[in-house]
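Contents: one structure, followed by commentary.
The values are calculated or read from the model by the stated rules, or taken from the named source; none is laboratory data. None of these values were measured; they are calculated from a predicted model. Ideal geometry is used to build each Cβ from the backbone, glycine not excepted, and the neighbour counts take in all protein chains shown.
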Amino acid sequence: MILAVDVGNTNITVGVFKKKELITTFRITTKLPRTSDEYGLLITELLGKEKEARDEEVNGAIIASVVPAVMHSLTNGILKYMGIKPLTVGPGLRTGIRIDTPNPREIGADRIVDAVAAYEIYGGPVLVIDYGTATTYDLITEDGRFIAGITAPGIRISAKALWEDTAKLPEIEIKKPASILAKDTISSMQAGLMYGQIGQTEYIIDAVKRESGFKELKVVATGGLGRLISSETDKINDYDPELTLTGLRLIYDKNR
């Protein structure tokens, strides 16, 4: 089995693969500072709660991270408690796609991993939308070149700005209200956040198709709030909640 670790700005998502099957996932908060011992103990204890993970030996690991500060403790924790030196997504690792931008090192590891999975599973051209801390849109051509990316504030960032930077707006649940014609403060905020994100999504998809010339562009969404948005528009073809973890598994297989 292999451990696939996606270090995001909000959460660290860990998946365990038995060959091509994802058998369990769990999350750890990113923002709390932890030692290598804490990471090692957390991961091994959480693995121990899954019967299939207990019965099989984990013999490989791969990490994609957008938070450099946690990498030393995390990688050392996995090495110390599991005896595995993880692969890290970055320069020198085979991915199966080419970053065709002026400065490939600027592209986040999570975006590369999503691009790999989307291209391998859905083919190209494909636009990958990841609804995470930021909302990202990445374009991969039919011959596997990453040629463009768009970055926007995520829904939670926008929501947090509303209730932290205004005196009277409350913290709210992020969900679609009954109507865009809001009658109260909470549904008004929910309408702005949800319909604003849907409108942004549809506009960017149309603009990417228009400027790239890819009229038959596939659109794949992932990320925590991706299900909410993808269910509200016919411009997204597929929602794949495990896209990033699958991409990590694919890159691991290409490099082992």
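A few notes on this one:
- If you check Arg105, Arg98 for being farther than 23 Å from Lys235 by Cα, of a type in the set (D, E, K, R) and without any contact (Cβ under 8 Å) to a residue 24 or more places away in the chain, only one passes: Arg105.
- Residue within the range 111-126 that is modelled with pLDDT of 95 or more and part of a strand (DSSP E or B) present: yes
- Condition broken by Val5, with the remaining ones in (1) assigned to a strand (DSSP E or B); (2) of a type outside the set (Phe, Trp, Tyr); (3) farther than 26 Å from Asp130 by Cβ satisfied: (3)
- Selection status of Thr246, outside any strand (DSSP E or B) and in contact (Cβ under 8 Å) with a residue 60 or more places away in the chain: yes
- Any hit, the range 27-49, residues being assigned to a loop (DSSP other than H, G, I, E, B), modelled with pLDDT of 90 or more and not basic (Lys, Arg): yes
- Asp130 meets the stated requirement of being of a type in the set (Asp, Glu), in contact with a Ser or Thr (Cβ under 6 Å, 6 or more places away or on another chain) and in the same structural domain as Ser230 (by TED's automatic domain parsing).
- Top-ranked residue of the range 132-164 - restricted to ones that are hydroxyl-bearing (Ser, Thr, Tyr) and at pLDDT 95 or above, ranked as nearest to Lys215 (Cα to Cα): Thr141
- Residue match in the range 89-99 (condition: farther than 19 Å from Thr151 by Cβ, hydrophobic (A, V, I, L, M, F, W, C) and out of contact with any Lys or Arg (no Cβ under 7 Å at 6 or more places or on another chain)): yes
- Just so you know, in the range 56-94 the residues that are among the β-branched types (Val, Ile, Thr) and in a helix (DSSP H, G or I) include one that is farthest from the chain's Cα centre (by Cα), and it is Ile78.
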